[in-house]
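These notes concern the structure reproduced below.
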Amino acid sequence: MPLPFETMKHLLKLSDWSTDEIYEALDLADRLKREKKNGIPHRLLEGKTLGMIFEKSSTRTRVSFEVGIHDLGGAGLFLSSRDLQIGRGEPVEDTARVLSRYLDGIMIRTFAQAEVEALARYGSIPIINGLTDYCHPCQVMADLQTIREYKGSLNGRKLCFIGDGNNMANSLIVGGIKTGMKVAVACPSSNKPDSEIMKWAAENGDFTCTEDVLEAASDADAVYTDVWASMGQESEAEERKAIFAGYQVNDKVMAAAHRDALVLHCLPAHRGEEITAEIFEAHAQQIFDEAENRLHAQKAIMVLCMA
């Protein structure tokens with residue numbers, strides 16, 4: 001299969017990818033999903049090895065990347081920061097140069113975006129951002145795939161995000177605007193998304209950031225939420241419950257959205273906090289289709305970066 005974008009090497013953040021590159025990845029993800037469902041092998045990374053560095057724990061990221069690289073004919077190595085010298089003070093630039101001699105690509109799930117950028121700067125193999133405190137591009141590729149599956153298209157659709165202006169909000173804004181969606185974010189004034197990302201979105205698309213949940217949800221085609229206390233913020237959980245008390249996806253919010261609006265959640269979900277148990281279960285098929293699409297979207301990303 002001829003592969004597009006031969007110069008594409010990394011996925012550090014979605015803003016690095018053009019609209020055409022994002023859609024090419026989505027089309028490939030759809031194809032790989034169909035082939036997997038029909039038992040058609042697609043060993044496009046035969047003999048390749050992906051190192052998977054985890055400085056944050058994970059369910060979906062680890063399993064989907066490990067299964068994905070296996071499906072593509074390669075091998076995945078789980079590399080915990082507890083087992084690597086990077087977790088004991090070795091400079092990331094040295095780790096990048098050493099691992100580049102052994103591996104064909106690296107996926108890293110960590111805290112600082114600067115660490116991902118440094119791996120790409122000093123290494124000589126593709127780097128895929130599995131999550132940082134700044135952004136979560138792999139998750140958003142799966143989200144866009146899911147919205148398109150249910151709605152048929154992305155351009156002109158409205159995506160509403162409710163909750164903390166965190167890494168998910170940052171990446172959803174970029175992914176939504178780049179694929180032609182209207183994006184509305186509802187969050188407290190103290191917890192807005194990255195200011196540079198919001199400035200870019202306002203200049204390049206239809207973007208709103210408001211404290212009014214119902215305004216953001218009005219006529220939305222997809223309503224998205226995330227936990228109020230992300231990994232590493234557990235000590236702030238009670239304080240955050242007070243801050244985000246009015247930012248819950250519930251019946252009132254869904255009544256403001258389109259009648260057939262999707263509900264999406266990157267998981268894990270805290271029922272009764274950012275989303276009611278009733279809304280979660282009513283939209284569980286969509287949410288778990290979204291979780292499955294992590295596998296297919298990430299396989300497409302690995303092929304485009306590593307083949």
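Computed from the coordinates by the stated procedures, all read-outs in this text should not be read as laboratory data. For clarity, every value in this text was computed on a predicted model and none was experimentally measured. Cβ: placed from backbone, ideal geometry, glycine included. Neighbour counts: every protein chain shown.
Tell me, what is the FRET efficiency for residue 67 and residue 196 to the nearest 0.05, using R0 = 45 angstrom and their Cβ-Cβ distance as r? Before the final figure, lay out each step's value.
Details: r = 35 Å, r/R0 = 0.78.
Plugging the Cβ-Cβ distance into 1/(1 + (r/R0)^6) gives 0.80.
Going by a ≥ b ≥ c, the root eigenvalues of the Cα gyration tensor, does the stretch 34-87 fall in the rounded group (a/c under 1.5), the prolate group (a/b larger than b/c) or the oblate group?
On the way: a/c = 5.30, a/b = 2.00, b/c = 2.65.
Oblate, since a/c reaches 1.5 and b/c is not below a/b.
Just name one of 208, 277, 246: the one whose Cα is farthest towards the positive end of the charge dipole of the stretch 137-291 (beta-carbon charges, Lys/Arg +1, Asp/Glu -1).
The one lying farthest along the dipole's positive direction is 208.
Any chance you could check the Cα centroid distance between the stretch 30-76 and the stretch 268-290 for me, in angstrom?
After rounding, the separation between the Cα centres reads 26 Å.
State whether the stretch 219-307 is rounded, prolate or oblate according to the following rule on the C-alpha gyration tensor (a ≥ b ≥ c being the square roots of its eigenvalues): a/c under 1.5 gives rounded; otherwise a/b larger than b/c gives prolate, and the remaining case gives oblate. Walk me through the numbers before you get to the answer.
Working: a/c = 2.51, a/b = 1.31, b/c = 1.91.
Oblate, since a/c reaches 1.5 and b/c is not below a/b.
If you take the beta carbon distance between residue 252 and residue 83 as r and set R0 to 41 Å, what does 1/(1 + (r/R0)^6) give as a FRET efficiency, to the nearest 0.05?
Details: r = 48 Å, r/R0 = 1.16.
Working from the Cβ atoms, E equals 0.30.
Going down the table (48/299; 36/299; 9/48; 158/199; 9/178; 9/151), which pairs top 21 Å between alpha carbons?
Working: 48/299 13 Å; 36/299 11 Å; 9/48 15 Å; 158/199 19 Å; 9/178 19 Å; 9/151 30 Å.
Too far apart for the 21 Å limit: 9/151.
In the chain, if the dipole is taken from +1 on Lys/Arg beta carbons and -1 on Asp/Glu beta carbons about the Cα centre, which of 12, 268, 106 is farthest to the positive end?
106
Please give the peptides 235-241, 140-146, 257-263 ranked by average Cβ packing (other Cβ atoms within 10 Å per residue), highest first, as a rough proxy for protection. Show your work: numbers first, answer last.
Details: 235-241: 12.9, 140-146: 26.3, 257-263: 17.4.
Ranked by mean Cβ neighbours within 10 Å, highest first: 140-146, 257-263, 235-241.
With axes computed from alpha carbons, what is the tilt in degrees of helix 113-122 against the longest principal axis of the chain, rounded to the nearest 10 within 0 to 90?
20 degrees
By how many degrees, 0 to 90 and rounded to 10, does the Cα axis of helix 167-178 deviate from the longest principal axis of the chain?
90 degrees
For the stretch 137-291, with the dipole built from +1 on Lys and Arg beta-carbon atoms and -1 on Asp and Glu ones, taken about the Cα centre, which of 258, 161, 181 lies farthest toward the positive end?
181
Just how large is the dipole of the chain about the Cα centre, in debye to the nearest 20, putting +1 at every Lys and Arg Cβ and -1 at every Asp and Glu Cβ? Display every interim value, and only then the final one.
Details: 33 positive and 46 negative charges, 170 e Å.
That gives a dipole near 820 debye.
Which whole-number percent gives the relative contact order of the chain, counting Cα pairs below 8 Å spaced six or more residues apart? Intermediate values should be presented prior to the final figure.
Values: 595 pairs, mean separation 65.2, N = 307.
Dividing the mean separation by the residue count of the chain yields 21 percent.
Assuming 0.36 nm per residue, please report the length gained on full extension of the stretch residue 267 to residue 38 beyond their Cα-Cα distance. Write down the numbers at each step before the final one.
Working: separation 229, 0.36 × 229 = 82.44 nm, distance 2.72 nm.
Between residue 267 and residue 38, full extension yields 79.7 nm more.
Give me 207, 111 ranked fewest to most by other Cβ atoms within 10 Å of their Cβ, as a rough exposure proxy. Provide the component values of the computation, followed by the final result.
On the way: 207 21, 111 15.
Listed from fewest to most nearby Cβ atoms, that is 111, 207.
Nearest 20 debye, what's the magnitude of the dipole of the stretch 137-291 about its Cα centre given +1 on Lys and Arg Cβ and -1 on Asp and Glu Cβ?
Working: 13 positive and 25 negative charges, 93 e Å.
Using Cβ point charges on Lys, Arg, Asp and Glu, the stretch 137-291 gives about 440 debye.
Obtain the nm distance between the two label points defined at residue 114 and residue 204 by a simple spin-label model: each point lies 7 Å from its Cα along the Cα-to-C-beta direction.
Taking the simple label geometry, residue 114 and residue 204 are separated by 2.4 nm.
When the helix-only estimate is applied to the chain (DSSP H runs of n ≥ 4, each -39,500 (n - 2.57), divided by the residue count), what is the mean residue ellipticity at 222 nm, nearest 500 deg cm²/dmol? The partial results should precede the final answer.
Numbers: 12 runs with 133 residues, N = 307.
Helix contribution divided over all residues of the chain: -13000 deg cm²/dmol.
Whole angstrom only: what separates the Cα centroid of the stretch 204-221 from the Cα centroid of the stretch 130-150?
What the calculation gives is 19 Å, centre to centre.
Compute and list, largest first, the equivalent-ellipsoid semi-axes of the stretch 119-263 from the alpha carbon gyration tensor, each √(5λ) rounded to a whole angstrom.
Numbers: eigenvalues 112, 85, 38 Å².
Value: 24, 21, 14 Å, ordered largest first.
Roughly how tilted is helix 137-151, in degrees to the nearest 10 and between 0 and 90, from the longest Cα axis of the chain?
60 degrees
Rounded if a/c is under 1.5, else prolate if a/b beats b/c, else oblate: with a ≥ b ≥ c from the C-alpha gyration tensor eigenvalues square-rooted, which is the stretch 183-236?
It is oblate, given that a/c is not under 1.5 and a/b is not larger than b/c.
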